[in-house]
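Each value in this text was obtained by applying a stated rule to the coordinates, not by laboratory testing. Everything numeric in this text was worked out from a predicted model, so none of it was measured. Don't worry about glycine lacking a Cβ; one is built from the backbone with ideal geometry, like all the others, and counts go over all protein chains shown.
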Amino acid sequence: MALVPYICSIMNVYNDLNKLPAFRNAVVTIGSFDGVHRGHQEIIQKVNALARSVDGESIVITFHPHPRLVVYPNDSSLRLITTIDEKVQLLEKYGVDNVVVVPFTIEFSQQSADEYIQKFLVDKFHPKYIVIGYDHRFGLARQGDIHYLRHHGEKSGYKVIEIPRQDVHDIAVSSTKIREALQNGKMREASRLMGHPFMLSGTVVHGQKIGSTIGFPTANLDPGHKHKLIPPPGIFAVKATHQNTEYQGMLYIGDRPTIKEHSNQTIEVNLFDFDRQIYGDRLKLEIIERVRDDASFGSLDALSKQLAKDKEASLKILAKEESEQQRLEEIRQQPHVAIVILNYNGREYLEKFLPSVLATAYTHLSVIVADNASTDESAAFMKKAFPDVQLIQLKENHGFAEGYNQALAEVKADYFVLLNSDVEVTPNWLQPMIDLMERDETVAACQPKILDYNRREYFEYAGAAGGWIDRYGYPLCRGRIFGVTEKDEGQYNDTQEIFWATGAAFCVRAKLFRDIGGFDKDYFAHSEEIDLCWRLKRAGFKIMVRPRSVVYHVGGGTLSYNTPRKVYLNFRNSLFTILKNEARSKTLWLIPFRFILDGLAGVLFMVQGKFPHIRAIIDAHQSYFRNYRLMLRKRKEMNERIQKISIDIRMNDAGRYKGSVVWKYYARGVRYFKHL
């Protein structure tokens, strides 16, 4: 029977394919999603993030009844972790915009693969993206697969995002483990695997009312679905929801061996401090923990005494659960910080430094590794050594800039912390930065003090105690000028505004990162954080260094500091950054002047015999001219973004050195920031 759509607080649910709205930039995923467990939640998170990135809507398509019940009606082995109503409630909890429950019929199952794609997916949803498993089959005789779906996408205007084989395997394994845990009464283990307690809901029906005669009145529950998985007999501590009010209680599942004349299986719950008649009402139970096995007693009096002990045990379990939930709620009140490590062939660094990141003294924290298509089996290592750390696997090496853009599109948090894989953090490195940014909403980004992992008393090249920039667009740091790093003697321990924060350990407000447009993907690596910070400062925001936060950086772990490739990116991206961010009148003389200075740098490389570096400068200039019009278009686009988020009509120029660091360094011999 087709039902009209109804609207939940944040989610639309549709049961009639003929009453679907026109979805905006639909990002669609299709599946059973039985249990909506952690594996499913990762897919949902990716779909939601992708929808946000294209200003679209996330859509989960699922089926009712379960296709197996229609295609194989005589198969009685199917046991569902969630009924359709329970599944919908959980999908809402995890932030899906729309759920479409497709009435699964023999007629629907007999569509050809072409009809499934055109008449169902394209005509009904007009998807921009379809997120699907590698093994997804559809159409009559399962003739359609992901390759066929991709083939049709070229003419129908959608792209297919594949859920990797390993992820699909992990989801199947998780579902099996959850069912095994539930069938053995291991409710805590099942909850851990699902990410939420097992749900059992149904209608309150009349029973024999024996519980009332021994002081424990119960509400008998009819799940209404013979294929719903029911835990084994016993007593369970539960939380029950009736008409949006939550109660504590204990659940009995079993055939009541003490009462011989009533030996049929029953599901009945005793709600504590509750005395209302609720026949015909719906109850939702969350089963927290099994108290004991079912047992037979010699009399009703003996059963009553045991139930009193069961209630006491259930109250202790529920009190512990409530305390844990309060602790989690306090954590949720903190800003959610996501530390995202972009990895490329850094397996040894992950093994060495990731444990220190996981030991970070901050509660509302997610640690995510985004693998930039490594070739050193980093992803396999992560799955084996750190299975609980979320892993985002990118299809190709997009470099630092676009790699982070794509990874962060899948992450939901209040703050992003971009952390190099070759960084060792100290236990309390994060809290001081978050405290600073929470106190001052005008701080857009912040960095810790960066010390050298191999020379721990010295600043490290990539950021030191905060980035500055000189009059001519050359970057420098408090504690590092060009290749000279200072010894850390506390001379830069003051919290201070800077011009740019290092990408090695970069804390930024997530919303601002997205609103300002993220990193410029054409930079690949180097200077992308300077460009981003410059844009944020043009909008009036502050960039800060918080030296109370300390990390140790190996440096050059992914791209060595003194290679032709680094020189190329350095010279090219510096010119890009000036063209996009400096006042137009200043660029007219500054960029030609930079070409002259770049030529002098080439002479220096010639004296040093570094001829590949000279070639890198020439290539950088050629790339600048090839991309000149593109950068002008980006300048215009970024100006529009900056105007939308601006908090001041003037640029925040703090962290700008008014002189020339090149002149000071090479002509005057100044090597330390404090002597400028």
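Here are the numbers for the structure shown:
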read-out: Net charge dipole size for the stretch 442-564 [Lys, Arg +1 and Asp, Glu -1 on Cβ; Debye, nearest 20]; value: 380 debye
read-out: Between 0 and 90°, nearest 10: helix 84-93 axis offset from the chain longest Cα axis; value: 30 degrees
read-out: Percent of alpha-carbon pairs separated by more than 19 Å within the stretch 197-332; value: 48 percent
read-out: Lys, Arg +1 and Asp, Glu -1 on Cβ, resulting dipole of the chain about Cα centre, debye, nearest 20; value: 2420 debye
read-out: Degrees between helix 165-183 axis and first principal axis of the chain (Cα, 0 to 90, nearest 10); value: 30 degrees
read-out: All aspartates and glutamates inside 17 Å of K487 as judged from Cα atoms, apart from same-chain residues fewer than 8 positions distant; value: D452, E457, E460
read-out: For the stretch 268-278, Karplus couplings with θ = phi - 60° (6.51, -1.76, 1.60), whole Hz, Gly/Pro x; value: 9, 10, 9, 8, 6, 6, 8, 9, 9, 8, 10
read-out: Measure of compaction for the stretch 7-171 (Cα Rg per 2.2 N^0.38 Å); value: 0.98
read-out: Residues whose placed amide H lies under 5 Å from that of G133, excluding near-sequence neighbours; value: I163
read-out: Contact order relative to length of the chain, as percent, for alpha carbon pairs under 8 angstrom and 6 or more apart; value: 9 percent
read-out: Reachable aspartates and glutamates from K586, criterion Cα separation under 14 angstrom, eight or more residues apart if same chain; value: D470
read-out: Cβ-placed point charges (K, R +1; D, E -1), dipole of the stretch 267-340 about Cα centre in debye, nearest 20; value: 80 debye
read-out: Filter on K87/K119; K239/K311; K87/K311; K177/K383; K320/K511 - keep pairs with C-alpha separation over 24 Å; value: K87/K119; K87/K311; K320/K511
read-out: Where only alpha carbons of the stretch 301-384 are counted, the Rg and the Dmax (Å); value: 21.7, 69
read-out: Fraction in percent of alpha-carbon pairs per bin - 10 Å, the stretch 390-542; value: 10, 41, 37, 12, 0
read-out: Residue among Y492, I161, I516 farthest towards the positive dipole end of the chain, charges placed on Cβ; value: Y492
read-out: Bridge type composition, the chain - antiparallel percent by DSSP, nearest 5; value: 55 percent
read-out: A313 paired with T375, simple spin-label distance in nm, labels 7 Å along Cα-to-beta-carbon; value: 5.9 nm
read-out: Top positive-direction residue, dipole computed over the stretch 7-171 with Cβ charges, set I171, G144, N48; value: N48
read-out: For T83, distant residues with modelled amide H under 5 Å away; value: none
read-out: Too-long pairs where the Cα-Cα distance tops 25 Å, listed order kept, from K352/K449; K46/K128; K566/K644; K128/K228; value: K566/K644; K128/K228
read-out: Using θ = phi - 60° and Karplus 6.51 cos²θ - 1.76 cosθ + 1.60, couplings along the stretch 660-666 (whole Hz; Gly, Pro as x); value: 10, 6, 5, 4, 4, 6, 8
read-out: In Hz, Karplus ³J(HN,Hα) per residue of the stretch 14-30 (6.51, -1.76, 1.60; θ = phi - 60°; x = Gly, Pro); value: 10, 10, 10, 5, 8, 10, 7, x, 8, 6, 9, 6, 5, 10, 10, 10, 10
read-out: Residues K511, K384, K239, sorted so that the one with the fewest Cβ neighbours within 10 Å comes first; value: K384, K511, K239
read-out: Helix 564-581 vs. the chain, principal-axis angle (Cα, 0 to 90°, nearest 10); value: 90 degrees
read-out: Helix-derived mean residue ellipticity, 222 nm - over the chain, DSSP H n ≥ 4, -39500 (n - 2.57), to 500; value: -11500 deg cm²/dmol
read-out: Footprinting exposure proxy for E107, E351 (fewest neighbouring C-beta atoms within 10 Å first); value: E107, E351
read-out: Coil-residue trypsin sites (Lys or Arg not before Pro) of the stretch 121-200, DSSP, other Cβ within 10 Å capped at 15; value: R137
read-out: Leading residue at positive end of dipole, the chain (Cβ point charges), from F272, T426, M651; value: M651
read-out: Proximal aspartates and glutamates relative to K316, as straight alpha-carbon distance under 13 Å, when same-chain residues fewer than 8 apart are discounted; value: E289, E324
